[in-house]
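The values are calculated or read from the model by the stated rules, or taken from the named source; none is laboratory data. On a predicted model such as this, the values are computed, not experimentally measured, just so you know. In this analysis, Cβ positions are derived from the backbone assuming ideal geometry, glycine residues included, and neighbour counts consider all displayed protein chains. When the accessible area is computed, the model is the full protein with side chains, heavy atoms only, and any ligands, DNA or RNA have been set aside. Shrake-Rupley method; radii C 1.70, N 1.55, O 1.52, S 1.80 Å.
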Amino acid sequence: MTESRRLAVIIVAAGRGERAGSHKEGPKQYRLVGGKPVLAWTLSRFLSRPACTDIIAVVHEDDKALFEAVTAGIDGGQRIRTVTGGQNRQASVLAGLEALSGEAPDMVLIHDGVRPFVSHQLIDGVVAALEDGDRAALPAVQIADTLKRGDATGIVTDTVPRNGLFGAQTPQGFDYRAILEAHRQAAQDPGTEFTDDCAVAEWAGIPVRLTPGSPLNVKLTTAEDIAMADDRLSNRRAEATVAPALPDVRTGNGYDVHRLVPGDYVTLCGVRIPHDQRLDGHSDADVALHALTDALLATCGAGDIGDHFPPSDPEWRGAASEIFLAHALRIVREAGGVIMNADLSLIAEAPKIGPHRLEMRQNLARILEISLERCSVKATTNETIGFAGRREGIAAIATASVVYGA
Ligand code: MG
(Lines give C-alpha, C1' and ligand atoms only; values in the text may rest on other atoms or scores of the structure.)
Protein backbone atom coordinates (compact mmCIF):
# COMPACT_ATOMS: atom_id res chain seq x y z
CA MET A 1 0.00 0.00 0.00
CA THR A 2 1.44 3.35 -1.00
CA GLU A 3 1.31 6.43 1.14
CA SER A 4 -2.30 7.62 1.23
CA ARG A 5 -3.12 10.34 -1.26
CA ARG A 6 -4.33 13.67 0.04
CA LEU A 7 -7.95 14.47 -0.62
CA ALA A 8 -9.44 17.98 -0.55
CA VAL A 9 -13.08 18.98 -0.86
CA ILE A 10 -14.58 22.08 -2.41
CA ILE A 11 -18.18 22.85 -1.47
CA VAL A 12 -19.73 25.25 -3.94
CA ALA A 13 -22.12 27.48 -2.01
CA ALA A 14 -21.99 30.86 -3.71
CA GLY A 15 -25.24 30.58 -5.70
CA ARG A 16 -28.16 32.93 -5.21
CA GLY A 17 -30.81 30.24 -5.60
CA GLU A 18 -33.38 32.25 -7.49
CA ARG A 19 -35.47 29.22 -8.38
CA ALA A 20 -36.31 28.25 -4.79
CA GLY A 21 -39.14 30.68 -4.17
CA SER A 22 -39.13 34.09 -2.51
CA HIS A 23 -35.87 36.00 -2.58
CA LYS A 24 -36.69 37.31 0.88
CA GLU A 25 -35.94 33.90 2.33
CA GLY A 26 -32.35 34.15 1.12
CA PRO A 27 -30.17 31.68 -0.78
CA LYS A 28 -31.41 28.10 -0.49
CA GLN A 29 -28.15 26.74 0.94
CA TYR A 30 -28.95 28.73 4.10
CA ARG A 31 -32.62 27.73 4.39
CA LEU A 32 -33.48 25.69 7.45
CA VAL A 33 -34.36 22.06 6.77
CA GLY A 34 -34.81 19.67 9.69
CA GLY A 35 -33.90 22.59 12.01
CA LYS A 36 -30.48 23.31 10.44
CA PRO A 37 -29.28 25.20 7.35
CA VAL A 38 -29.01 23.03 4.22
CA LEU A 39 -25.28 23.77 4.13
CA ALA A 40 -24.77 22.49 7.68
CA TRP A 41 -26.11 19.08 6.64
CA THR A 42 -23.97 19.05 3.49
CA LEU A 43 -20.75 20.07 5.25
CA SER A 44 -21.32 17.53 8.02
CA ARG A 45 -21.36 14.73 5.43
CA PHE A 46 -17.76 15.55 4.52
CA LEU A 47 -16.52 16.58 7.97
CA SER A 48 -17.42 13.10 9.19
CA ARG A 49 -15.08 11.52 6.56
CA PRO A 50 -11.58 11.42 8.07
CA ALA A 51 -10.09 11.13 4.55
CA CYS A 52 -11.31 14.65 3.69
CA THR A 53 -8.36 16.62 5.06
CA ASP A 54 -8.94 20.05 3.56
CA ILE A 55 -12.44 21.43 3.14
CA ILE A 56 -13.00 24.71 1.33
CA ALA A 57 -16.38 26.38 0.99
CA VAL A 58 -16.87 28.86 -1.81
CA VAL A 59 -19.22 31.49 -0.42
CA HIS A 60 -20.83 34.60 -1.91
CA GLU A 61 -19.34 37.79 -0.51
CA ASP A 62 -22.72 38.90 0.83
CA ASP A 63 -23.14 35.64 2.78
CA LYS A 64 -20.02 35.63 4.97
CA ALA A 65 -21.96 36.24 8.18
CA LEU A 66 -24.54 33.60 7.27
CA PHE A 67 -21.77 31.12 6.60
CA GLU A 68 -20.01 31.83 9.90
CA ALA A 69 -23.26 31.13 11.70
CA VAL A 70 -23.46 27.77 9.89
CA THR A 71 -19.94 26.65 10.81
CA ALA A 72 -20.35 27.82 14.41
CA GLY A 73 -23.21 25.36 14.74
CA ILE A 74 -21.50 22.17 13.50
CA ASP A 75 -18.80 19.88 14.84
CA GLY A 76 -15.49 20.55 13.11
CA GLY A 77 -16.87 23.71 11.48
CA GLN A 78 -13.69 25.63 12.36
CA ARG A 79 -11.75 23.34 9.98
CA ILE A 80 -13.54 24.76 6.95
CA ARG A 81 -11.84 27.54 5.02
CA THR A 82 -13.85 29.98 2.96
CA VAL A 83 -13.14 31.48 -0.42
CA THR A 84 -15.17 34.21 -2.09
CA GLY A 85 -17.14 33.05 -5.11
CA GLY A 86 -16.90 34.42 -8.62
CA GLN A 87 -19.33 35.61 -11.30
CA ASN A 88 -20.67 32.13 -12.01
CA ARG A 89 -20.29 28.56 -10.81
CA GLN A 90 -17.28 27.90 -13.01
CA ALA A 91 -15.45 30.95 -11.66
CA SER A 92 -16.34 29.98 -8.09
CA VAL A 93 -14.88 26.49 -8.50
CA LEU A 94 -11.70 27.91 -10.01
CA ALA A 95 -11.38 30.22 -6.98
CA GLY A 96 -11.67 27.18 -4.73
CA LEU A 97 -9.09 25.22 -6.74
CA GLU A 98 -6.64 28.13 -6.70
CA ALA A 99 -7.04 28.44 -2.94
CA LEU A 100 -5.78 24.85 -2.63
CA SER A 101 -2.65 25.42 -4.73
CA GLY A 102 -0.50 25.87 -1.62
CA GLU A 103 -1.47 22.42 -0.24
CA ALA A 104 -1.56 20.86 -3.72
CA PRO A 105 -3.68 17.86 -2.74
CA ASP A 106 -3.58 14.75 -4.94
CA MET A 107 -7.35 14.54 -5.39
CA VAL A 108 -10.22 16.96 -5.07
CA LEU A 109 -13.97 16.45 -4.72
CA ILE A 110 -16.20 19.26 -5.93
CA HIS A 111 -19.70 19.19 -4.46
CA ASP A 112 -22.85 21.30 -4.64
CA GLY A 113 -23.67 22.87 -1.27
CA VAL A 114 -27.34 22.17 -1.92
CA ARG A 115 -26.98 18.37 -2.04
CA PRO A 116 -27.30 17.55 1.68
CA PHE A 117 -28.29 13.90 1.14
CA VAL A 118 -25.01 12.68 -0.32
CA SER A 119 -24.09 9.35 1.27
CA HIS A 120 -20.69 8.19 2.46
CA GLN A 121 -21.03 5.22 0.11
CA LEU A 122 -21.45 7.54 -2.88
CA ILE A 123 -18.44 9.65 -1.82
CA ASP A 124 -16.35 6.52 -1.34
CA GLY A 125 -17.25 5.29 -4.84
CA VAL A 126 -15.90 8.49 -6.39
CA VAL A 127 -12.71 8.38 -4.30
CA ALA A 128 -12.19 4.70 -5.17
CA ALA A 129 -12.27 5.51 -8.91
CA LEU A 130 -9.60 8.19 -8.41
CA GLU A 131 -7.47 5.84 -6.35
CA ASP A 132 -7.77 3.29 -9.16
CA GLY A 133 -6.16 5.79 -11.52
CA ASP A 134 -9.09 7.62 -13.12
CA ARG A 135 -8.42 11.36 -13.40
CA ALA A 136 -12.10 12.29 -13.27
CA ALA A 137 -15.05 10.49 -11.68
CA LEU A 138 -18.74 11.33 -11.94
CA PRO A 139 -21.50 9.87 -9.75
CA ALA A 140 -24.50 9.44 -11.98
CA VAL A 141 -27.89 7.76 -12.14
CA GLN A 142 -29.47 6.20 -15.17
CA ILE A 143 -32.47 8.14 -16.42
CA ALA A 144 -35.66 6.23 -15.59
CA ASP A 145 -38.21 8.62 -17.10
CA THR A 146 -38.89 8.65 -20.80
CA LEU A 147 -37.36 11.82 -22.20
CA LYS A 148 -39.33 14.20 -24.41
CA ARG A 149 -38.30 17.27 -26.28
CA GLY A 150 -40.84 20.07 -26.30
CA ASP A 151 -41.13 23.24 -28.37
CA ALA A 152 -41.78 26.80 -27.23
CA THR A 153 -45.56 26.29 -27.40
CA GLY A 154 -45.47 23.34 -24.99
CA ILE A 155 -45.95 20.66 -27.61
CA VAL A 156 -43.79 17.52 -27.70
CA THR A 157 -41.67 17.40 -30.81
CA ASP A 158 -40.00 14.05 -30.24
CA THR A 159 -38.98 11.33 -27.84
CA VAL A 160 -35.30 11.22 -26.97
CA PRO A 161 -33.83 7.72 -26.63
CA ARG A 162 -32.63 7.43 -23.05
CA ASN A 163 -30.17 4.57 -23.76
CA GLY A 164 -26.82 5.54 -22.32
CA LEU A 165 -28.12 8.73 -20.74
CA PHE A 166 -27.23 9.56 -17.15
CA GLY A 167 -28.10 12.31 -14.71
CA ALA A 168 -24.90 13.91 -13.37
CA GLN A 169 -24.55 14.41 -9.63
CA THR A 170 -21.83 15.60 -7.28
CA PRO A 171 -19.32 15.24 -5.66
CA GLN A 172 -17.35 14.99 -8.87
CA GLY A 173 -13.82 13.80 -8.20
CA PHE A 174 -10.61 14.77 -9.98
CA ASP A 175 -6.90 14.52 -10.07
CA TYR A 176 -6.20 17.95 -8.55
CA ARG A 177 -3.52 19.11 -10.99
CA ALA A 178 -5.52 17.95 -14.01
CA ILE A 179 -8.76 19.74 -13.08
CA LEU A 180 -6.94 22.90 -11.94
CA GLU A 181 -5.20 23.09 -15.30
CA ALA A 182 -8.44 22.42 -17.19
CA HIS A 183 -10.30 25.12 -15.26
CA ARG A 184 -7.48 27.61 -15.79
CA GLN A 185 -7.57 26.95 -19.54
CA ALA A 186 -11.36 27.18 -19.67
CA ALA A 187 -11.24 30.52 -17.86
CA GLN A 188 -9.01 31.84 -20.64
CA ASP A 189 -11.55 30.87 -23.29
CA PRO A 190 -14.40 33.41 -23.28
CA GLY A 191 -16.57 31.14 -25.39
CA THR A 192 -16.94 28.53 -22.67
CA GLU A 193 -19.27 28.36 -19.71
CA PHE A 194 -19.78 25.01 -18.08
CA THR A 195 -22.46 24.00 -15.57
CA ASP A 196 -20.44 21.23 -13.98
CA ASP A 197 -16.80 20.34 -13.54
CA CYS A 198 -16.85 17.10 -15.49
CA ALA A 199 -17.91 19.20 -18.48
CA VAL A 200 -14.70 21.19 -17.99
CA ALA A 201 -12.74 17.93 -17.80
CA GLU A 202 -14.41 16.58 -20.95
CA TRP A 203 -13.65 19.83 -22.77
CA ALA A 204 -10.00 19.44 -21.74
CA GLY A 205 -9.95 15.84 -23.01
CA ILE A 206 -9.85 14.15 -19.59
CA PRO A 207 -11.75 10.83 -19.62
CA VAL A 208 -14.54 10.82 -17.00
CA ARG A 209 -15.39 7.57 -15.16
CA LEU A 210 -19.04 6.95 -14.22
CA THR A 211 -19.58 5.82 -10.60
CA PRO A 212 -22.83 4.92 -8.84
CA GLY A 213 -24.99 7.92 -7.96
CA SER A 214 -28.16 7.79 -5.92
CA PRO A 215 -31.71 9.00 -6.55
CA LEU A 216 -31.62 10.29 -2.95
CA ASN A 217 -28.71 12.61 -3.70
CA VAL A 218 -30.98 15.35 -5.00
CA LYS A 219 -29.96 18.93 -5.68
CA LEU A 220 -32.32 21.26 -3.82
CA THR A 221 -33.47 23.57 -6.57
CA THR A 222 -37.11 24.49 -6.09
CA ALA A 223 -39.29 25.45 -3.11
CA GLU A 224 -40.76 21.91 -3.35
CA ASP A 225 -37.27 20.42 -3.01
CA ILE A 226 -36.69 22.49 0.16
CA ALA A 227 -40.01 21.32 1.62
CA MET A 228 -39.17 17.68 0.78
CA ALA A 229 -35.74 18.02 2.39
CA ASP A 230 -37.30 19.54 5.49
CA ASP A 231 -39.64 16.54 5.81
CA ARG A 232 -36.85 14.01 5.34
CA LEU A 233 -34.37 15.70 7.66
CA SER A 234 -36.96 16.43 10.35
CA ASN A 235 -37.72 12.73 10.50
CA ARG A 236 -34.04 11.86 10.57
CA ARG A 237 -33.51 14.27 13.48
CA ALA A 238 -36.40 12.78 15.41
CA GLU A 239 -34.87 9.35 14.88
CA ALA A 240 -31.41 10.54 15.84
CA THR A 241 -32.67 11.94 19.15
CA VAL A 242 -33.77 8.50 20.27
CA ALA A 243 -31.51 6.46 18.02
CA PRO A 244 -32.41 3.80 17.31
CA ALA A 245 -36.04 4.90 17.18
CA LEU A 246 -37.84 3.41 20.16
CA PRO A 247 -41.29 1.89 19.89
CA ASP A 248 -43.94 3.16 22.30
CA VAL A 249 -43.69 0.28 24.75
CA ARG A 250 -45.74 0.64 27.91
CA THR A 251 -46.04 -1.51 31.00
CA GLY A 252 -48.96 -1.69 33.40
CA ASN A 253 -49.40 -3.47 36.70
CA GLY A 254 -52.45 -4.64 38.58
CA TYR A 255 -53.13 -6.07 42.03
CA ASP A 256 -56.25 -7.71 43.45
CA VAL A 257 -57.33 -9.65 46.52
CA HIS A 258 -60.49 -11.59 47.23
CA ARG A 259 -61.54 -13.06 50.53
CA LEU A 260 -61.80 -16.85 50.92
CA VAL A 261 -65.00 -18.16 52.49
CA PRO A 262 -66.35 -21.71 52.94
CA GLY A 263 -67.25 -23.26 49.60
CA ASP A 264 -66.34 -25.94 47.08
CA TYR A 265 -64.29 -24.33 44.29
CA VAL A 266 -62.29 -21.25 43.24
CA THR A 267 -62.02 -19.73 39.76
CA LEU A 268 -58.52 -18.58 38.81
CA CYS A 269 -57.64 -17.46 35.27
CA GLY A 270 -61.00 -18.82 34.23
CA VAL A 271 -60.20 -22.33 35.50
CA ARG A 272 -62.62 -23.84 38.02
CA ILE A 273 -60.53 -25.64 40.64
CA PRO A 274 -62.19 -27.84 43.29
CA HIS A 275 -61.31 -26.57 46.77
CA ASP A 276 -62.76 -26.47 50.28
CA GLN A 277 -63.16 -22.69 50.03
CA ARG A 278 -64.47 -20.22 47.45
CA LEU A 279 -63.51 -16.67 46.61
CA ASP A 280 -66.05 -14.12 47.76
CA GLY A 281 -66.99 -11.35 45.37
CA HIS A 282 -69.58 -9.72 43.20
CA SER A 283 -68.53 -11.52 40.01
CA ASP A 284 -66.86 -14.94 39.95
CA ALA A 285 -64.10 -13.26 42.02
CA ASP A 286 -61.31 -14.37 39.69
CA VAL A 287 -58.52 -12.30 41.28
CA ALA A 288 -56.08 -13.24 38.53
CA LEU A 289 -58.19 -11.89 35.67
CA HIS A 290 -59.12 -8.82 37.73
CA ALA A 291 -55.46 -7.96 38.35
CA LEU A 292 -54.61 -8.48 34.68
CA THR A 293 -57.56 -6.33 33.57
CA ASP A 294 -56.16 -3.48 35.68
CA ALA A 295 -52.68 -3.99 34.24
CA LEU A 296 -53.98 -3.68 30.68
CA LEU A 297 -56.11 -0.64 31.44
CA ALA A 298 -53.05 0.96 33.04
CA THR A 299 -51.11 0.89 29.77
CA CYS A 300 -53.41 3.48 28.22
CA GLY A 301 -54.47 5.40 31.31
CA ALA A 302 -57.97 3.94 31.16
CA GLY A 303 -58.63 3.80 34.91
CA ASP A 304 -59.31 0.51 36.70
CA ILE A 305 -61.78 -2.34 36.57
CA GLY A 306 -64.10 -0.63 39.08
CA ASP A 307 -64.49 2.36 36.73
CA HIS A 308 -65.68 0.13 33.91
CA PHE A 309 -67.66 -2.44 35.92
CA PRO A 310 -68.98 -0.84 39.13
CA PRO A 311 -69.55 -3.51 41.86
CA SER A 312 -72.89 -1.79 42.53
CA ASP A 313 -74.17 -2.82 39.10
CA PRO A 314 -76.26 -6.03 39.43
CA GLU A 315 -75.42 -6.91 35.82
CA TRP A 316 -72.02 -8.28 36.89
CA ARG A 317 -73.32 -10.53 39.67
CA GLY A 318 -71.66 -13.91 39.24
CA ALA A 319 -70.27 -12.83 35.87
CA ALA A 320 -67.36 -14.75 34.35
CA SER A 321 -64.42 -12.36 34.71
CA GLU A 322 -63.32 -13.18 31.18
CA ILE A 323 -65.65 -10.41 29.98
CA PHE A 324 -63.70 -7.83 32.00
CA LEU A 325 -60.43 -8.89 30.41
CA ALA A 326 -61.97 -8.93 26.92
CA HIS A 327 -63.28 -5.42 27.57
CA ALA A 328 -59.79 -4.21 28.54
CA LEU A 329 -58.41 -5.78 25.35
CA ARG A 330 -60.92 -3.78 23.29
CA ILE A 331 -59.93 -0.54 25.05
CA VAL A 332 -56.24 -1.22 24.47
CA ARG A 333 -56.86 -1.94 20.80
CA GLU A 334 -58.99 1.16 20.33
CA ALA A 335 -56.07 3.16 21.73
CA GLY A 336 -53.81 1.58 19.10
CA GLY A 337 -52.18 -0.99 21.37
CA VAL A 338 -50.84 -4.46 20.60
CA ILE A 339 -50.32 -6.69 23.64
CA MET A 340 -46.81 -8.07 23.88
CA ASN A 341 -47.17 -10.21 27.01
CA ALA A 342 -49.15 -10.83 30.16
CA ASP A 343 -47.64 -12.12 33.40
CA LEU A 344 -49.46 -13.18 36.55
CA SER A 345 -48.30 -14.13 40.04
CA LEU A 346 -50.81 -15.82 42.32
CA ILE A 347 -50.25 -15.76 46.09
CA ALA A 348 -52.12 -18.61 47.75
CA GLU A 349 -51.43 -21.43 50.21
CA ALA A 350 -53.96 -23.60 48.39
CA PRO A 351 -55.19 -24.94 46.05
CA LYS A 352 -52.12 -26.06 44.10
CA ILE A 353 -51.77 -24.04 40.88
CA GLY A 354 -49.20 -26.23 39.08
CA PRO A 355 -51.63 -28.82 37.68
CA HIS A 356 -53.79 -26.01 36.21
CA ARG A 357 -51.10 -23.66 35.02
CA LEU A 358 -51.18 -24.69 31.35
CA GLU A 359 -54.96 -24.39 31.15
CA MET A 360 -54.73 -20.95 32.79
CA ARG A 361 -52.14 -19.80 30.25
CA GLN A 362 -54.24 -21.19 27.41
CA ASN A 363 -57.21 -19.17 28.67
CA LEU A 364 -55.12 -15.99 28.72
CA ALA A 365 -53.82 -16.67 25.21
CA ARG A 366 -57.36 -17.26 23.92
CA ILE A 367 -58.92 -14.20 25.57
CA LEU A 368 -56.07 -11.83 24.70
CA GLU A 369 -55.56 -13.36 21.25
CA ILE A 370 -51.80 -13.70 21.69
CA SER A 371 -49.52 -16.74 21.63
CA LEU A 372 -49.10 -19.05 24.60
CA GLU A 373 -45.46 -18.12 25.08
CA ARG A 374 -46.53 -14.54 25.77
CA CYS A 375 -48.74 -15.67 28.65
CA SER A 376 -47.18 -16.50 31.98
CA VAL A 377 -48.74 -17.75 35.22
CA LYS A 378 -46.70 -18.26 38.36
CA ALA A 379 -47.70 -19.10 41.90
CA THR A 380 -46.23 -18.86 45.35
CA THR A 381 -47.41 -19.55 48.87
CA ASN A 382 -47.11 -16.84 51.49
CA GLU A 383 -45.12 -19.07 53.89
CA THR A 384 -48.22 -19.37 56.14
CA ILE A 385 -47.95 -15.74 57.25
CA GLY A 386 -50.28 -12.85 56.55
CA PHE A 387 -53.83 -13.11 55.20
CA ALA A 388 -52.79 -15.30 52.28
CA GLY A 389 -50.71 -17.50 54.57
CA ARG A 390 -53.69 -17.94 56.92
CA ARG A 391 -55.91 -18.87 53.93
CA GLU A 392 -58.10 -15.82 54.46
CA GLY A 393 -57.75 -14.71 50.86
CA ILE A 394 -55.92 -15.07 47.56
CA ALA A 395 -53.94 -12.23 45.98
CA ALA A 396 -52.81 -11.72 42.39
CA ILE A 397 -50.20 -9.42 40.86
CA ALA A 398 -50.24 -8.82 37.11
CA THR A 399 -47.97 -7.13 34.60
CA ALA A 400 -48.77 -6.41 30.97
CA SER A 401 -46.67 -4.88 28.18
CA VAL A 402 -48.34 -3.19 25.25
CA VAL A 403 -46.82 -1.48 22.21
CA TYR A 404 -48.82 1.52 20.99
CA GLY A 405 -48.90 3.02 17.54
CA ALA A 406 -47.00 0.10 16.01
MG1 MG B 1 -61.48 -8.13 42.15
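Here are a few things to note about the model shown:
- Selection count, region 101-156, where residues are in contact with an Asp or Glu (Cβ under 8 Å, 6 or more places away or on another chain), loosely packed, with under 14 Cβ neighbours inside 10 Å and among the small types (Gly, Ala, Ser): 0
- Condition met for Glu98 (in the same structural domain as Leu32 (by TED's automatic domain parsing), modelled with pLDDT of 95 or more, among the acidic types (Asp, Glu) and open to solvent by 20 Å² or more (accessible area, probe 1.4 Å)): yes
- The residue pairs whose first member lies in region 157-169 and is farther than 17 Å from Val218 by Cα, whose second member is assigned to a loop (DSSP other than H, G, I, E, B) and of a type in the set (Val, Ile, Thr), and whose beta carbons are closer than 8 Å, counting only pairs six or more residues apart or on different chains, are Thr159/Thr146; Arg162/Ile143; Arg162/Thr146; Leu165/Ile143.
- Unmet requirement for Ile179, which otherwise passes all of (1) open to solvent by 30 Å² or more (accessible area, probe 1.4 Å); (2) touching a helix residue (DSSP H, G or I) at 6+ places or on another chain (Cβ under 7 Å): (1)
- The residue pairs whose first member lies in region 374-392 and is outside the structural domain of Pro351 (by TED's automatic domain parsing), whose second member is surrounded by 15 or more Cβ atoms within 10 Å (Cβ to Cβ), and whose beta carbons are closer than 9 Å, counting only pairs six or more residues apart or on different chains, do not exist in this structure.
- Taking region 50-78 as the range and being open to solvent by less than 50 Å² (accessible area, probe 1.4 Å) and not in a helix (DSSP H, G or I) as the test, the residues that pass are Cys52, Asp54, Ile55, Ile56, Ala57, Val58, Val59, His60, Ile74, Gly76.
- Considering region 305-340, and only residues there that are farther than 22 Å from Cys375 by Cβ, open to solvent by 30 Å² or more (accessible area, probe 1.4 Å) and in a loop (DSSP other than H, G, I, E, B), the residue that is nearest to the ligand (Cβ to nearest atom) turns out to be Pro311.
- Of the residues Arg149, Arg177, Arg81, Arg184, the single one that is over 20 Å from Ala13 (Cβ atoms), assigned to a strand (DSSP E or B), in the same structural domain as Thr222 (by TED's automatic domain parsing) and not polar (S, T, N, Q) is Arg149.
- Consider region 267-304 and keep the residues that are of a type in the set (Ser, Thr, Tyr) and assigned to a loop (DSSP other than H, G, I, E, B). The one that is nearest to the ligand (Cβ to nearest atom) is Ser283.
- None of His282, His258, His290 is without any contact (Cβ under 8 Å) to a residue 40 or more places away in the chain, more than 32 Å from the chain's Cα centre (by Cα) and assigned by TED's automatic domain parsing to the domain that holds Ile367 except His282.
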